[in-house]
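Only one structure is covered here, and it is reproduced in the block below.
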Amino acid sequence: MLKGRIAVVTGGGRGLGRAIAVALSEAGAKTAVVSRTREELEETVSMIADRGGQAIAIKADISDAGDIKNLCRAVEMKFGAPDILVNNAGIIGPVAPMKDVDERDFRRCMDINLCGAWLVSKSCIPAMIKKRYGKIINVTSGLADFVIPRLGAYSISKAGLNALTKTLARELEQYNIRVYGMDPGTVDTRMQDDMRKMDMNVLGPEVYRVFWGLKKSGQLKQPSEVAKLAVFLASEQSDDLSGEIGTEDHFMRWGYRAAA
């Protein structure tokens with residue numbers, strides 16, 4: 001489905017990002033995996049190689065403009081100009097009532113979850129414009145639209161990411177670049193593990209019970225399941241859906257099939 005395409009996946013060292021990088025590779029894309037942790041990057045690249053795919057590891061902090069400035073150039077030197085960008089990297093914290101959130105922690109959340117996606121997109125868009133083709137997939141969350149107490153910073157960052165998605169979709173349509181918001185739902189990743197490890201007094205009893213309940217009831221999705229949606233959005237099958245934001249169920253209304 002993606003043979004000949006070149007993809008960049010941020011936060012690709014583990015969890016959903018790793019699953020997306022592997023899935024894109026299995027669909028035929030050459031994949032650049034971006035993360036801050038070298039060991040995790042190498043594990044992902046090895047997994048892709050073991051499946052017969054091609055991948056490179058790029059160690060970078062997406063909240064650091066200096067790290068990101070030459071990211072696209074590094075991909076071009078190895079594979080060529082990117083066709084697909086998946087902005088997946090993100091953090092959940094700070095976890096606290098907004099009145100108590102530390103300014104530095106709030107800014108870090110915005111720097112990674114929102115500004116990071118913008119910076120990486122900014123790095124890749126010029127090459128996509130030159131090719132007059134591109135797909136940008138921003139991994140968002142349902143928390144962009146509703147509130148869970150003490151997760152306000154995360155919600156605000158994802159609401160901003162949704163606005164960025166819609167803005168880029170409109171601004172880039174003239175260049176044949178499509179932009180999507182992918183809401184994976186509740187996925188069994190380390191972020192979920194980290195939430196369950198937090199003290200009840202930090203999360204609050206209500207939120208604590210919600211996160212433990214999702215695990216105990218088996219409602220958490222496996223990353224490999226959700227990664228199939230990224231392949232759909234990266235493919236020509238979603239060409240008419242630029243600007244759409246939603247879950248698997250949302251995109252099923254537009255032709256996505258999880259088993260595809």
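Looking at 125, 137, 129, 148, just one residue is aliphatic (A, V, I, L, M), out of contact with any Asp or Glu (no Cβ under 7 Å at 6 or more places or on another chain) and assigned to a loop (DSSP other than H, G, I, E, B), and that residue is 148. One residue stands out among those in the range 74-88 that are assigned to a helix (DSSP H, G or I) and within 27 Å of residue 157 (Cβ to Cβ): the one that is nearest to the chain's Cα centre (by Cα), which is 75.
Here the range 142-171 is the region considered, the condition is being modelled with pLDDT of 95 or more and touching a Lys or Arg at 6+ places or on another chain (Cβ under 8 Å), and the residue that is farthest from residue 200 (Cα to Cα) is 169.
Every residue, every condition in (1) outside any loop (DSSP other than H, G, I, E, B); (2) at pLDDT 70 or above; (3) outside the structural domain of residue 159 (by TED's automatic domain parsing); (4) closer than 30 Å to residue 82 by Cβ, yes or no:
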position	(1), (2), (3), (4)
209	yes, yes, yes, no
215	yes, no, yes, no
233	yes, yes, no, yes
238	yes, yes, no, yes
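With the structure loaded, tell me whether residue 127 is within 29 Å of residue 69 (Cβ to Cβ), surrounded by 15 or more Cβ atoms within 10 Å (Cβ to Cβ) and over 14 Å from the mean Cα position of the chain (by Cα) or whether it fails that test. It is true that residue 127 is within 29 Å of residue 69 (Cβ to Cβ), surrounded by 15 or more Cβ atoms within 10 Å (Cβ to Cβ) and over 14 Å from the mean Cα position of the chain (by Cα).
Restricting the first member to the range 120-134 and to residues that are closer than 16 Å to residue 86 by Cα, and the second to residues that are part of a helix (DSSP H, G or I) and among the charged types (D, E, K, R), the beta-carbon pairs closer than 8 Å and six or more apart or on different chains are 123/69; 127/76. For the range 97-119, name all the residues that are farther than 15 Å from residue 87 by Cα and not β-branched (Val, Ile, Thr). If the condition is that a residue be farther than 15 Å from residue 87 by Cα and not β-branched (Val, Ile, Thr), then 97, 98, 99, 100, 102, 103, 104, 105, 106, 107, 108 are the ones that fit.
Cβ-Cβ contacts under 8 Å between residues 6 or more apart (or on different chains), taken from a first residue in the range 235-260 that is surrounded by 11 or more Cβ atoms within 10 Å (Cβ to Cβ) to a second residue that is among the aromatic types (Phe, Trp, Tyr) and in a loop (DSSP other than H, G, I, E, B), are listed as 237/256; 238/254; 238/256; 241/254; 244/254; 248/256.
In the range 40-69, how many are free of Cβ contacts under 8 Å to residues at least 24 places away in the same chain and either under 25 Å from residue 109 (Cβ atoms) or surrounded by fewer than 16 Cβ atoms within 10 Å (Cβ to Cβ) (or both)?
Residues in the range 40-69 being free of Cβ contacts under 8 Å to residues at least 24 places away in the same chain and either under 25 Å from residue 109 (Cβ atoms) or surrounded by fewer than 16 Cβ atoms within 10 Å (Cβ to Cβ) (or both): 8 in total.
Residues in the range 7-19 that are surrounded by 24 or more Cβ atoms within 10 Å (Cβ to Cβ) and out of contact with any Leu (no Cβ under 9 Å at 6 or more places or on another chain): 11, 16, 17, 18, 19.
Would you please name the residue that is farthest from residue 185 (Cα to Cα), looking only at residues in the range 15-52 that are in a helix (DSSP H, G or I) and hydroxyl-bearing (Ser, Thr, Tyr)? Selected residue: 46. Selection within the range 38-67: residues that are in contact with a strand residue (DSSP E or B) (Cβ under 9 Å, 6 or more places away or on another chain) and within 18 Å of residue 125 (Cβ to Cβ). The member of this set that is modelled with the lowest pLDDT is 67.
The values are calculated or read from the model by the stated rules, or taken from the named source; none is laboratory data. Note that this is a predicted model, so its numbers are computed, not measured. All Cβ positions, glycine included, derive from the backbone under ideal geometry; neighbour counts span all protein chains shown.
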